[in-house]
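The values are calculated or read from the model by the stated rules, or taken from the named source; none is laboratory data. Since the model is a prediction, treat every value here as computed from it, not as a measurement. Here Cβ is always computed from backbone atoms with ideal geometry, including for glycine, and neighbour counts include all displayed protein chains. Protein only, heavy atoms only, side chains kept; ligands, DNA and RNA dropped before computing areas. Shrake-Rupley method; radii C 1.70, N 1.55, O 1.52, S 1.80 Å.
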Amino acid sequence: MVSISRLRAGRGAGANRAEAGTIRAFRRHEGRIGAAFPGPCRPLRYIARMSRRIAIVEDEPAIRENLRDALARQGFEVQGFAERREAQAAFGSRLPDMAIIDIGLGDEPDGGFELCRWLRERAPALPILILSARDSEIDIVSGLRLGADDYLTKNVSLPHLLARVTALFRRVDALAQPQGAAEQLVRGALRLDVPRFEAHWRDHPIELTVTEFWMLHALARHPGHVKDRDALMREANLTVDDQTVTSYVKRIRRKFEAVDPAFDAIETVYGLGYRFVERNGASAT
């Protein structure tokens, strides 16, 4: 199975020939992805009525162009950018429906982190996936803390990457579906409006990412019930390690504490997981 990391641009004639062979192999492999879906590699069935627009911010041309080709064959509209400033200029006038971002961009070793932070401040619900060769725990945790919804390393296979892209869009679609009054979830001072993707605490709006919203929804849906980290990952459609789940929960708490320093509705049950607790007398004011 060809991994994305093998698509890096080579140097010199020999490297370029090897790269060309790798790209041909990648395209042959990508063409077989349709076997996972009925018929000839047609657009994924879940994709909603209109084409989704994905931005790829990647400074290596071979990877950027082949990701563009692969995603376009699945029915996405794709735009590629080689550097952070170029992407920010484009996003300033029109945001994509999802951003796939490398960390190192040109002469900026952490340009992807800066772009992720910038995007998250402007679009709390925008799905952001970091795709990087950097696989250290500190990089993964940093990316998620800055607002990325998922983090993949470039040794991932193309089918795996496509699956994670579709999973992120499914979560966005689920939030957008009208669910009726049952999805106006009120737990004491907390109010979650799933159709509008809004969270409020004591009538103060709380800006949450897609992953944070689903994790909070999972906890608040059954107050007092302990959710372990595996359960939270399932609810948020996320596959990360325990430490990363802990980072997400801490980030959710910080956002609520910013509007209510006494916020204590999310409890840690050591050795088991987390639970949402309705305090007596806690109601929206």
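One chain, two ends: Glu121 and Glu77. Fully extended at 0.36 nm per residue, the span grows by 13.5 nm beyond their Cα-Cα distance. Placing pseudo-labels 7 Å out from each Cα toward the beta carbon at Gln243 and Ala262 gives an inter-label distance of 3.6 nm. A simple spin-label model places pseudo-atoms 7 Å from Cα toward Cβ; at Phe197 and Ala133 they are separated by 3.3 nm. When nucleic acids and ligands are ignored and a 1.4 Å probe is applied, Lys227 ends up with an accessible area of around 30 Å². Relative contact order for the range 93-238: 18 percent, from Cα pairs under 8 Å spaced at least 6 residues apart, divided by residue count.
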